[in-house]
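Trainee: One structure follows; several queries about it will come next.
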Amino acid sequence: MPINSALAPRHLHIIIPCRNCGQWLAQCLASLVSQERDDWSATVADDASTDDTVNAARDYLSDPRITFLRQRTRLGLMGNTLSAIDAAAPGPRDVVAILDGDDMLLPGALARVMQTHALGYDVVWTDMDIQGTEGSTGAPLIPGIPVRQQLWCLSQLRTFKGYLLDGLDRSVLCDDSGLPVRAAGDLALYFALIERAGVEKTAFIPEKLYWYRQHAANNCTALREEQLANNARLRALPPLPRQTQHFDVHITALGLEKLRLRAFGQSLRADYPLPYSICVHHDIGRESGDSWAAYHDKWIAEGVYLTARPNPQTPEPLHGQDGVSAPTGHGA
């Protein structure tokens with residue numbers, strides 16, 4: 001049965017960071033406007049280019065879906081990308097996709113990404129075709145292994161839901177000077193997003209839906225030593241805690257038993273299978289709060305979180321351990 005998720009994807013924001021991409025940007029934008037899915041908006045984020053990048057974009061700016069944002073001073077790839085994301089102001093259910101201005105989308109990319117997000121996945125990436133290379137980094141994550149200890153496998157197109165930005169400490173995306181990292185910014189951003197989402201909320205699409213251009217100005221070439229140093233530093237950082245504000249399904253529960261919480265959480269998984277996340281709002285009454293303090297704000301099953309219901313009162317729909325369930329109207 002389809003799940004009516006509070007995080008069902010609503011809109012697609014495409015961020016196109018670029019610097020001195022005048023010779024490639026028109027191809028990039030052509031690959032975007034030719035996609036079969038057309039319900040998107042895009043921000044071309046020009047990082048103070050010194051070439052004709054703005055002219056390359058001009059023919060596409062009559063499209064109301066495309067906005068051109070020019071930085072007056074160079075921010076670097078991560079700083080420029082974050083500035084454009086902030087300008088787009090994605091909502092919790094919106095999907096953000098990063099398309100570099102020197103690369104291209106392949107046919108069907110946007111449709112496949114949004115189909116996968118609609119299944120309940122919140123960080124999604126595709127396989128890619130690398131110019132002049134047969135192989136690719138693309139692969140799914142290994143379950144049970146911290147993401148910072150895994151081989152880098154997030155090939156492009158990389159996408160995520162906007163709720164993962166809520167409450168994200170931007171300092172984890174910065175270098176020792178407090179500025180967004182210039183190299184290995186993709187590791188900084190996606191390590192943080194995946195840790196906040198949970199590995200089971202990630203999905204790899206094993207189809208080559210993105211074309212990656214190799215040239216001397218790529219960060220992995222131009223800033224190679226800095227990239228390797230940042231890679232090591234970012235992998236050594238402690239993992240971020242999983243976010244507990246946004247869930248696919250919200251359920252109000254009454255009559256829970258402490259010794260059966262694990263079984264209760266697992267029973268919910270049968271009703272709402274992975275990757276959908278579930279928040280159980282426990283209505284216990286004001287007089288019982290202290291006795292449950294050690295049980296609330298805990299994960300009781302994979303992707304199932306138990307918390308106290310704010311200002312407890314008798315709710316309308318309830319989910320108790322009698323096997324009768326109904327999600328609250330604001331979540332599912």
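The values are calculated or read from the model by the stated rules, or taken from the named source; none is laboratory data. Computed from a predicted model, the values in this text were never measured in an experiment. Cβ atoms come from the backbone with ideal geometry, glycine included; neighbour counts cover every protein chain shown. Remember, those area values only see protein heavy atoms, side chains included, never the ligands or the DNA or RNA. Shrake-Rupley method; radii C 1.70, N 1.55, O 1.52, S 1.80 Å.
Trainee: What's the total number of residues in the stretch 163-186 that are assigned to a loop (DSSP other than H, G, I, E, B) and open to solvent by 40 Å² or more (accessible area, probe 1.4 Å)? Full working, then the answer.
Mentor: First pass over the stretch 163-186, keeping only residues assigned to a loop (DSSP other than H, G, I, E, B): 166-169, 175-179, 181-184.
Narrowing the set further to residues that are open to solvent by 40 Å² or more (accessible area, probe 1.4 Å) leaves 166-167, 169, 175-179, 182.
Number satisfying all stated conditions: 9.
Trainee: Going residue by residue through the stretch 177-187, is there one that turns out to be within 20 Å of the chain's Cα centre (by Cα), under 22 Å from His11 (Cα atoms) and among the acidic types (Asp, Glu)?
Mentor: Taking the stretch 177-187 as the starting set, the residues that turn out to be within 20 Å of the chain's Cα centre (by Cα) are 180-181, 183-187.
Restricting the remaining residues to those that are under 22 Å from His11 (Cα atoms) gives none.
No, the stretch 177-187 contains no residue that is within 20 Å of the chain's Cα centre (by Cα), under 22 Å from His11 (Cα atoms) and among the acidic types (Asp, Glu).
Trainee: Check Asp297 against each of (1) modelled with pLDDT under 95; (2) closer than 24 Å to Gly144 by Cβ and name the one condition it does not meet.
Mentor: It is condition (1) that Asp297 fails.
Trainee: Let me ask something else about it. Taking Ile16 as the residue in question, decide whether it is farther than 25 Å from His246 by Cβ, crowded, with 18+ Cβ neighbours inside 10 Å, aliphatic (A, V, I, L, M) and touching a residue at least 60 places away in the same chain (Cβ under 8 Å). Before the answer, list the steps.
Mentor: Values: farther than 25 Å from His246 by Cβ: yes; crowded, with 18+ Cβ neighbours inside 10 Å: yes; aliphatic (A, V, I, L, M): yes; touching a residue at least 60 places away in the same chain (Cβ under 8 Å): yes.
Yes; evaluated as a whole, the condition is true for this residue.
Trainee: Within the stretch 230-240, does at least one residue satisfy the condition of being touching a helix residue (DSSP H, G or I) at 6+ places or on another chain (Cβ under 9 Å), assigned to a loop (DSSP other than H, G, I, E, B) and among the polar types (S, T, N, Q)?
Mentor: no
Trainee: Can you tell me which residue is farthest from Gln245 (Cα to Cα) among those in the stretch 187-218 that are polar (S, T, N, Q) and open to solvent by less than 40 Å² (accessible area, probe 1.4 Å)?
Mentor: Of the residues in the stretch 187-218, the ones polar (S, T, N, Q) are 202, 214, 218.
Next cut, open to solvent by less than 40 Å² (accessible area, probe 1.4 Å) only: 202, 218.
Details: Thr202: 18, Asn218: 37 Å.
Ranking the candidates gives Asn218 first.
Trainee: In the stretch 254-271, what residues are surrounded by 19 or more Cβ atoms within 10 Å (Cβ to Cβ) and at pLDDT below 95? Full working, then the answer.
Mentor: Keep residues of the stretch 254-271 that are surrounded by 19 or more Cβ atoms within 10 Å (Cβ to Cβ), which gives 256, 261, 264-265, 268.
Passing the criteria: only Leu256.
Trainee: If Val44 satisfies all but one of (1) farther than 14 Å from Val96 by Cα; (2) open to solvent by less than 10 Å² (accessible area, probe 1.4 Å); (3) in contact with a helix residue (DSSP H, G or I) (Cβ under 7 Å, 6 or more places away or on another chain); (4) not hydroxyl-bearing (Ser, Thr, Tyr), what's the number of the condition it fails?
Mentor: Val44 satisfies all of (1) farther than 14 Å from Val96 by Cα; (2) open to solvent by less than 10 Å² (accessible area, probe 1.4 Å); (3) in contact with a helix residue (DSSP H, G or I) (Cβ under 7 Å, 6 or more places away or on another chain); (4) not hydroxyl-bearing (Ser, Thr, Tyr) except (1).
Trainee: Quick check on Gln243: is it over 25 Å from Asp169 (Cα atoms) and part of a loop (DSSP other than H, G, I, E, B)? Step through it out loud before you land on a result.
Mentor: Numbers: over 25 Å from Asp169 (Cα atoms): no; part of a loop (DSSP other than H, G, I, E, B): yes.
No: the conditions fail for Gln243.
Trainee: Among the residues of the stretch 8-34, count how many are touching a strand residue (DSSP E or B) at 6+ places or on another chain (Cβ under 6 Å) and in a loop (DSSP other than H, G, I, E, B).
Mentor: 1
Trainee: Let me ask another. Any residue at all in the stretch 16-37 that is out of contact with any Phe, Trp or Tyr (no Cβ under 6 Å at 6 or more places or on another chain), within 30 Å of Pro273 (Cα to Cα) and among the hydrophobic types (A, V, I, L, M, F, W, C)?
Mentor: No, the stretch 16-37 contains no residue that is out of contact with any Phe, Trp or Tyr (no Cβ under 6 Å at 6 or more places or on another chain), within 30 Å of Pro273 (Cα to Cα) and among the hydrophobic types (A, V, I, L, M, F, W, C).
Trainee: Is it the case, given these coordinates, that Ala57 is more than 17 Å from Lys161 (Cβ to Cβ), among the hydrophobic types (A, V, I, L, M, F, W, C) and touching a strand residue (DSSP E or B) at 6+ places or on another chain (Cβ under 6 Å)? Give the derivation first.
Mentor: Numbers: more than 17 Å from Lys161 (Cβ to Cβ): yes; among the hydrophobic types (A, V, I, L, M, F, W, C): yes; touching a strand residue (DSSP E or B) at 6+ places or on another chain (Cβ under 6 Å): yes.
When the stated conditions are applied, Ala57 passes them.
Trainee: Restricting attention to the stretch 151-170, which residues are over 10 Å from the mean Cα position of the chain (by Cα) and under 21 Å from Pro92 (Cα atoms)? Break it down stepwise before answering.
Mentor: Residues of the stretch 151-170 over 10 Å from the mean Cα position of the chain (by Cα): 151-157, 166-170.
The answer is Leu157, Asp166, Gly167, Leu168, Asp169, Arg170.
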